[in-house]
Amino acid sequence: MEINHPETLAEVTEAFRRYEQALVTNDVAVLDELFWESPHTIRYGAGENLYGAAEIQAFRAARPGTGLERTLERTAITTYGRDFATANTLFRRGEKLGRQSQTWARIPGLGWRVVSAHVSMMAPG
């Protein structure tokens with residue numbers, strides 16, 4: 001298996017950047033597009049556990065659309081072969097430090113989609 005095939009890494013990096021831009025601008029349509037629309041998709045958030053695309057979409061539609069700006073640190077994107085990748089990053093929102101992990105898969109006919117995600121916050125320190 002090839003790790004970080006250059007073309008694949010560029011594709012996932014672009015998808016990750018697109019996701020990040022949609023997140024901080026609350027572009028719910030793009031966020032919904034980039035999560036695999038499947039009952040198998042999972043998102044664990046800072047205060048919620050979401051199973052399946054319907055729960056994730058409902059959360060996105062209901063959350064506040066302001067105060068979403070953040071700064072990323074130590075982003076690490078790794079591809080495994082040509083159809084699977086992980087993206088992990090630290091982020092700061094004001095004084096708060098958070099972590100985000102995403103698993104991306106190339107879905108036939110759709111392209112790169114998040115199939116699993118986890119967001120958590122850390123106590124300042």
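The numbers here are math on the coordinates, done by the rules we state, and not lab data. Fair warning: this is a prediction, and the values are worked out from it, not measured in the lab. Cβ coordinates were reconstructed from backbone atoms using ideal geometry, including for glycine residues, and neighbour counts include every protein chain displayed.
Need one number: nm distance between label points at Ala10 and Leu72, each 7 Å from Cα along Cα→Cβ, rounded to one decimal.
1.7 nm
Given N residues in the chain, what is Rg(Cα) / (2.2 N^0.38 Å)? Let's see the in-between values first.
Values: Rg = 14.2 Å, N = 125, 2.2 N^0.38 = 13.8 Å.
Taking the Cα Rg and dividing by 2.2 N^0.38 Å, one obtains 1.03.
Find the relative contact order for the chain and round it to a whole percent, using C-alpha pairs within less than 8 Å whose residues are 6+ positions apart. Please list the in-between numbers first.
On the way: 230 pairs, mean separation 32.3, N = 125.
The value is 26 percent.
Considering only DSSP states other than H, G, I, E and B, which trypsin sites (Lys or Arg not before Pro) in the stretch 1-106 qualify as loop sites with at most 16 other Cβ atoms within 10 Å?
Arg82
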